[in-house]
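Comments concern the structure below.
Bear in mind these aren't lab numbers, they're just calculated from the coordinates by the rules spelled out. The structure displayed is predicted, hence computed values, not measured ones. As a convention, Cβ positions derive from the backbone with ideal geometry for all residues, glycine included, and neighbour counts pool all protein chains shown.
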């Protein structure tokens, strides 16, 4: 009689561990609002009353710049709105786990704030790595780096409050970011425009890190 054997127990154990980790991460994200977590609220970047923080991630990425002709014939580096790129993570059992991707994309599902704000290079976009829900947003407030305890690194890119101009559920109805109303960018480090001379059309990606805090309307 032919005998069949299961895969080695270690394989099943590893699969169980992976499932457990991702289950825990998903639970952390979807239940963050109910856990009374403490999020930084910078007065100069506070959203309107009634919007509550529910999710935070640490970002590592790059800010893009393009060289354009300036006044008096001097070229200068200018933010390239099509080139923000970052990965947001949270710490799970001492391991950074990706939860969101940040990039620029065209607005495809505008809300009541969306129509006046579509940028030529696309709008700042955050997409959940778990359910692919999205939020598009534009900056409405900023503070210069080095002027606040939550934005303390001189010479870095500004800290921002961004307002949602569009939201989209994931293909199976996921809504991790579909209800986001505002996004704060805090604790920025790096990412500022180069101070070197440049040739028109030249591009550069400058590394930066930051903390992003997501808000939604209170329930």
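Among 128, 81, sorting on how many other beta-carbon atoms sit within 10 Å of each Cβ, with the fewest leading, yields 81, 128.
Ordering 100-111, 66-77 by mean Cβ neighbour count within 10 Å, with the highest value first, yields 100-111, 66-77. Pair-distance distribution P(r) for the range 45-177, from all Cα-Cα distances in 5 Å bins starting at 0: 2, 9, 14, 20, 21, 17, 9, 4, 2, 1, 0, 0 percent. Based on alpha carbons, the Rg and Dmax found for the range 83-145 are 13.8, 43 Å.
According to the Kirkwood relation over distinct C-alpha pairs, the hydrodynamic radius of the range 140-219 is 14.7 Å. The peptide list 85-95, 161-171, put in order of mean Cβ contacts within 10 Å with the highest first, becomes 161-171, 85-95.
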